[in-house]
1. For Arg91, indicate whether it is surrounded by 15 or more Cβ atoms within 10 Å (Cβ to Cβ) and part of a helix (DSSP H, G or I).
2. Which strands (runs of 3 or more DSSP E) does segment 157-274 wholly contain that include 2 or more residues that are touching a Leu at 6+ places or on another chain (Cβ under 9 Å)?
3. Scan segment 199-221 residue by residue and report those that are under 19 Å from Val163 (Cβ atoms) and without any contact (Cβ under 8 Å) to a residue 40 or more places away in the chain.
4. When the residues of segment 128-156 are filtered to those that are of a type in the set (S, T, N, Q) and assigned to a helix (DSSP H, G or I), which remaining residue is surrounded by the most Cβ atoms within 10 Å (Cβ to Cβ)?
5. Which of (1) surrounded by 22 or more Cβ atoms within 10 Å (Cβ to Cβ); (2) among the aliphatic types (A, V, I, L, M); (3) out of contact with any helix residue (DSSP H, G or I) (no Cβ under 9 Å at 6 or more places or on another chain) does Val490 not meet, given it meets every other one?
6. Here is a list: Thr386, Thr337. Which entry is more than 35 Å from the chain's Cα centre (by Cα) and among the hydroxyl-bearing types (Ser, Thr, Tyr)?
7. Can you list the helices (runs of 4 or more DSSP H) lying wholly within segment 463-546 that have 1 or more residues being under 30 Å from His410 (Cβ atoms)?
8. Given the condition of a type outside the set (Phe, Trp, Tyr), in contact with an Asp or Glu (Cβ under 6 Å, 6 or more places away or on another chain) and assigned to a strand (DSSP E or B), answer yes or no: does some residue in segment 280-289 qualify?
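The values are calculated or read from the model by the stated rules, or taken from the named source; none is laboratory data. None of the values given here were measured: they were computed from a predicted structure. Neighbour counts run over all protein chains shown; Cβ positions are idealised from the backbone, glycine included.
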Amino acid sequence: MPQLPPHYIAGHKQPDTDSVVAAEVLAWLYRANAEDSAEAIPVRLGPLNQQTSWLFEQAGRTPPILRESCLYTAEEIARPVPCIDRDTPLREALETMQRSFSDFVVVIDEAKHPIGIVSDRTPRTNYLLQCNIEDLIGTLLDFEHIISGLPLSQLNDTKQPKVHRLEVPLHKHSITGKWDQDSAIVIGDRDLLLNDIENNPPAAVILTGISDMRAQEITERLPCPVYLYRGSVISMMTRLPGCFPASEAMIEDFAAIDSHMREDEISRCIKKASGGLLVLDSNDCVIGSISAIDLLKLKRPKLSLVDHSERGQAIHGLGDAEIVEIIDHHRLGDVETIQPLSIDVRPLGSTASILYERIQEAGHDMPAEIAILLLGALLSDTLLLTSPTCTQSDKQRAQHLARIAGVELHSFGIEVLRQNDELADATADSLVSRDCKPFTFEGVHFLAAQIETVDMSTLTVARATELSQAFTRQVQQSGAAFGALMITDVLQSQSRIIIVSEDPHWQHIHLPEDLRQSEQPWLLDHFVSRKKQLIPLLLTNIRHAQ
């Protein structure tokens, strides 16, 4: 279980390069500032696209880990739980449980898979600890369990006997010499008993409360197996119930969950479980346990949002985290918080531009690898500084970053854009979902996706139909009113817009009248920005349609 809450830095779903880079660089900045350094964890909410993977390779850095929820997983919550085998003495099992401050111990098989649990709170364990031991010797309790559980030291080399009864002659009148060959006789230093044992050897003799030298003298006289218990006879009898093997006290009805199960799912499972939950790894081996009190003790994770402020684009579990910061270059969305937070939203070409300024403001020297990441993200989001979102200061930042990174700005930017062009090869479903964001305006939910290419000629009629069909399926699955797909030629600064909806009303609202009549493609020149051109156009149309 974590001692300190983690601090996740997360971009949006279907992450693009700016989103992933922003998470990575902000975490680097936290470490450089020596703030929250141990717990600042950059994450991404989906698979890396080709461009982002390439950029991190150029920078020589490992991309943020994939994590789609900021809620804890079972593996992160689980407390260590002791494991024993089925032959472990019950006394040892319970002592192990107490030392570990656990509610139970887990009995595992040869493959280390759980087969049951043992606890001092179960009726089965209490029965064994209070039962008449003599009634169960030879059934639930073998003599070998007594040997290992007390423990007993064997003093001669005779083979282990079969014992079904213990006799403890405590008084002179109880010394009859009429035991059978299935009995083990418990004696101390008594010569009178030795004579009877020599004449009628039992299955075994257990010596108690005598020295090793005296025990050896007695052993030499007896024609049967002899064992030594180093405590008193009363001590031995008290410890006998703890000799039962753990398998006899084991409860096989236990609840187990996968180590990757999330906190919200665990809460539902633990309500149905009578005790704690075992947490198992991918090989079904035990890694720990979780109780209801463990969930109550969890500290809420901290969360920094980068490159977005829309709940629909945010990490799962947003409402259960402490949002401490938003850094973005889009319009302010609908994320709500309980506590005040830091908001850094600037009308710049990329979130990378804001982080460039944050690094400058902090006075840190920027490593070349960080400059490569920021430059690639800036050029990607501004389409090589041609997008209307790009400011004059963005262009100055790009020049400075290129010098630190040691690259030629234009050729590096062309390669960044080429790495994002999968229009001809990727599946239609992956293309329309890769950079697709949900939006809500005046009660209307819609999707807006963008695909970038450096060669619009690859968008054939058949390919456009395939993309439109895939996007239609995605809009239907999301329950959105409509979807706008923007296919952008980043070198020609031209975009084709495809509107899909089950309701023809939205086609009428958004498509120009002449295109509705001719069914020609909707092409817009000098139209490359979803944020600054497409979304404002869609919002205006929605408002006029109300």
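1. Details: surrounded by 15 or more Cβ atoms within 10 Å (Cβ to Cβ): yes; part of a helix (DSSP H, G or I): yes.
Yes; evaluated as a whole, the condition is true for this residue.
2. Result: 183-187, 204-208, 226-229, 255-258.
3. Of everything in segment 199-221, those that are under 19 Å from Val163 (Cβ atoms) and without any contact (Cβ under 8 Å) to a residue 40 or more places away in the chain turn out to be Asn200, Pro201, Pro202, Val205, Thr208, Ile218.
4. Here the residue is Ser148.
5. (3)
6. When all the criteria are applied, what remains is Thr386.
7. Those helices (runs of 4 or more DSSP H) span 535-545.
8. yes
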